[in-house]
1. Which number in (1) within 14 Å of another protein chain (Cβ to nearest Cβ); (2) modelled with pLDDT of 95 or more marks the one condition that residue B:374 misses?
2. Among the residues in the range A:246-264, are any surrounded by fewer than 20 Cβ atoms within 10 Å (Cβ to Cβ), of a type in the set (A, V, I, L, M), facing another protein chain (nearest Cβ under 7 Å) and farther than 27 Å from residue A:428 by Cβ?
3. Residues B:462, B:467, B:437, B:478: which one is among the aliphatic types (A, V, I, L, M), within 14 Å of chain A (Cβ to nearest Cβ) and under 25 Å from residue B:87 (Cβ atoms)?
4. Could you check how many residues of the range A:424-443 are crowded, with 20+ Cβ neighbours inside 10 Å and among the small types (Gly, Ala, Ser)?
5. Go through the range B:598-639 and give me each residue that's at pLDDT below 90 and of a type in the set (Val, Ile, Thr).
6. Restricting attention to strands (runs of 3 or more DSSP E) lying wholly within the range A:26-143, give those where 2 or more residues are modelled with pLDDT of 70 or more and among the aromatic types (Phe, Trp, Tyr).
7. Would you mind finding the one in A:414, A:436, A:394 that is small (Gly, Ala, Ser) and under 14 Å from residue A:349 (Cα atoms)?
Amino acid sequence: MDDARLYLGSDDVTRRAFLSRTAQTWLGLSAVPILGASGASALGNTSLRNTSLGDDAVAIPGSLATARNVIYLYMSGGMSHLDTFDLKPGTDEQGPTEAISTNVDGIRVSQHFPFLSQHMDKIAVINSMFSHQGAHLQGRYLLHTSYEQRGTIEHPSMGAWLSRLQGNINPTLPGHVSIGGNNGTASAGFLEPKHAPLPIGDPSKGLAHSARPDAVPADVYARRLDRLQKMNAAFRKKHDRKDVRAYDEVYDQAVRLMNSSDLKAFDIAQEPDAVREAYGRDSFGQGCLLARRLIEHDVRFVEVVLGGWDTHNENFENIEERCPPLDRSLSALLADLDARGLLEETLVVVGTEFGRTPEIRRERNGRDHHPQAFSCLLAGGGIKGGQVYGKTDATGQNVIEKQVKVQDLNATIADALGLPLSETIYSPSGRPFTVADKGRSVRELFA
Amino acid sequence: MDDGRLDPTDFPPRPNPRGPASRRRGFTSIALLSGSALLGLVLLAHLATSSSAQDSAAEKYADSDPAKPTTVEPAPSQPRRSSEEIESAAAELDRILESRLEGLELEPNPNVDDTTFLRRLFLDVVGRIPTAAEQAEFNRDSKDVRRSRWIDRLLTSPGHVSHAFNYWSDVLRMKNRLNNQVSGLPYVHWLKQSLVDNKPYDQQVKELLGASGPAYARGNGATGYLLRDRGMPLDNMATSVRVFLGTRLECAQCHNHPTEPWKQRQFFEMAAFAGGLRYSHLEPRELRGYRQLQQRVRKDDGQQAFRQVRRAVFTLSAGIGGDGNGLARLPSDYEYDDAKPRDLVTAKSIFSNGIELHPKLPREPRRKRKNRRNRPVNAPSIDSRTAFASWVASTDNPRFTRVIVNRMWERYFGQSLTPKFDDLKGESVAIHPELEASLERWMRSFDYDLIEFQRVLLRTRAYQRKAFCLESSKSRYAFQGPLLRRLTAEQLWDSLVTLVVPDLDDTVRVEPPGVAALYNGYEALESGSPDTLLATLQESGPALTDPRAQMRQTQRQAQAIFRRYHRGVRRRDAEVQQKARAELEALGLDVDRFLKSRRYGRDLVRASEVGQPAPAAHFLREFGQSDRDQTESSHQDANVPQALRLLNGFVDQRLLRSKNSVLSTNLKRAKRPQAKIRTAFTHILSRPPSQEESRLWLADVRQYGNAAYQDLVWTLLNSHEFRFQR
């Protein structure tokens, strides 16, 4: 078993071989100009910060490749567009939420975003999002996979597509990580298990159990892994199935991780207190901080989930409670990425499955699901900040300009990553799929 | 994982002053009476009967509405049908299945060996691996009857209640805390009690859908199903239709369904059955009275008194009101020709056995202003919710029976007869239509008695065949045998804990800790009015409205006493121990269980007792327990944290380093290397080692000495064979 050898510390050669292979994959499929840069970055394990990705030549004809990484902040439950980024002052529908001005002339956001209002120059607001799924499960599924949920197949989410189409840069860390998303928002779908996300429940605890128990010497551990491998091989011979193989895969990954010099990426305790404070001490804030650390260690796709947006009851009280974590943590993240020169190569997305009804249900002071129109944000990674894209009608009921379907949003993200939108990948059952189900990238959003 | 915090689940509730204290113990002692299933059944029957008579609140609700019985029926949980009847049903199913397989030119798998069968049966029925003692006992039983005997025995054991509870908790979204801070404990209690009583499935569904009244009245926990989705009656209806009728209507909430025949109008006609639903059982007028009282108290008596009153009103008012006015309003963006936006529609169900209600349309004030458009519909109740419940859970409903037989079949075979039975379409066909029809007939003839139905499934030859492995087999799957599958999070946890704690199923409790305080609080307050509420509160003190504070205090006291007890143990001072025991008992604790939980770890209880759901970073959640926000969202997918936990976490901390776990005790007891290896295999994999395995591990023992046993245990627990069920 490779892992036993890995564990005993003779991993350098293996790791280097793997790295160069991965680096090739990454280079072969993506922008040529980053060849030297990113290759060196992966091998040297110090990320290169000022690479001008997507400068000119692009390996995939027509793909942008302006971003290397994605930090996807998922607002679970359906974020009210009227109370966040698409305000309708002076209407009955607005309720008590008020608009404030920002550091960009003409862009106004909710009063609950005092910090974020000073970062609007980095952000592109899309106010013309549209989905045709008005139930959580289906909406969430569509947002993450671009496909409708079907009984017969499970579709991969964006991080899995990225891993499948471009491979990992860092061979000892997973290609994508999902923080706080215990609803199974991200998934490998029909792709091989190795493309599945690594879930992190509590970001401040990092990756639990990632150290060999002190009482077990390395040689004993290696021996155990060897016995385990033999035993499992016998089982797999009789029961060769995807879910059995998936456990071989995660055990391999787990042992690689244990041995990784990049394991510290998961340990946010290494951050100065002031930084941890700035991101916010709540789980979402610490998740955003962890996302930044992971990106720095060449994990390319990190999702962080902030729940509680399902404001059927007492919408305004709940909004007042939900917005501050997003305000504080996203602001800190953008500022931090910017200061580190990472924002240019990192696309930050704020996504949600749908908006909420302009009508306020009087009996419970709430707003219901509203997929016909809602808001999402993009920042960094080649996006032109300080713009509002698309428009809803006077009450925020329907999109009247430049509709962006959920698939289009995903196509835009994929485009930024340099993923081939038209490349067909076949499921094991032989069915054809593409990365954003024929969504169209919104090029106007890019600088 | 033991972070030293006190876990409220450690503490059994104070015995209900008005109920026999033996109740809880009666249930939990069954596991100890191994071999005496019959006695267990008698006990079950006894406790159910005794619990039925004790509660005035429950009786009151049963009296006020005979259609919604909330008292507990005498326990039917022993097998009622004769063995012959069950056998003949099983034989019919086998005949149909085998002839169909022959038609498809598929060979059924051979009969599975007894060793594999026993592990499968335990995992499927009680949700954990069998202990070594249980394996030995099975092996002593006479060969020709032991499978049937153990099927019956396990189906009526506390372990089955625990395992079935986990399954239904995922379906019904059990939570300790429901939305809006309403406690979910009565809901949890309701489900467990229903399982203990083996309440017929159709009756359970009727209770859930038709629930009304106070959430905290003993026996009325079914209200949790609606309270769960407070403010979201439309979503609740869509979930009900999915869960009980296998039909997805949620798309039609916003538009006509693109591929199925459901229209948006039909969605709202279905929603109309719950028209006028309120998330409090008090009339709006009464509620207003209490609100005014709260404000008055805030003004006159200050914040603390206000908080107390607010809590009291909360306890008193939580519940479900409005029995259904049969009306719903179309959304304001309704865009089809058959009605105008915001029109009222009347209750009408989908499907061929449809029902239609004709409530009198209320006269509506003319809409003058825009913000009037969302006025709730104000109309008298016509009991449309009960009508809805009866329609859903009816033998005539074409999908009601079909869904439950597919559920049950899937639980035991790993796949349903009709694929995606929670998303049935016009064209959905079962893999064996005739078999499905036969199962439906049996389900009806058993009056939806799930225990009897499961007896049949488990007794089929089909269930007792070797497992089918989907990918490695070339032929298509048509139930040649049950499917190989990964254990659920709960099965894995319960199996691991079985290796640590003896008589693990003792930890299963019907009544969740803390719920009695809620019931008592409600009861003390319920006769009141705003005027008498203050007097009641003054009389009874703050404990009434803050059961958690009461529980915390008990915990602190118990912890202090336990320290004294422990000192007594260390000094071998019997008198100190005895005194501490008496004090613990005076606190209302089940002393033996309390001490046992201290000995093996307070957190090492059955998954069903951990909390609903388990905390986010718990083993259970990591291995796929649902967060209970959406129905059936548990999973069995592999991920890296699971591997890390088994590699370096639970196995190492709770098993290898434990000195008093069941496994380490028995390993110590086995003297010769061969016996030790065998012990590890039988405990963990429920089978003896093969000759080859014995040889390999003996070689390791010779080379590495005692350390090899640790390696062995670690290896077996990390193996595929442990986490997969064959």
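1. Result: residue B:374 passes all but (2).
2. No, because not a single residue in the range A:246-264 is surrounded by fewer than 20 Cβ atoms within 10 Å (Cβ to Cβ), of a type in the set (A, V, I, L, M), facing another protein chain (nearest Cβ under 7 Å) and farther than 27 Å from residue A:428 by Cβ.
3. Going through B:462, B:467, B:437, B:478 in turn, the sole match is B:467.
4. 3
5. Listed by number, the list holds a single entry, B:631.
6. Counting at least 2 such residues, we get A:69-75.
7. A:414
For every residue, the table says whether it meets (1) touching a residue at least 24 places away in the same chain (Cβ under 8 Å); (2) surrounded by 24 or more Cβ atoms within 10 Å (Cβ to Cβ); (3) small (Gly, Ala, Ser).
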residue	(1), (2), (3)
A:344	yes, no, no
A:370	yes, yes, no
A:384	yes, no, no
A:405	yes, no, no
A:410	yes, yes, no
A:418	yes, yes, yes
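The values are calculated or read from the model by the stated rules, or taken from the named source; none is laboratory data. In this text the structure is predicted, and so the values were computed from the model without any measurement. Cβ: placed from backbone, ideal geometry, glycine included. Neighbour counts: every protein chain shown.
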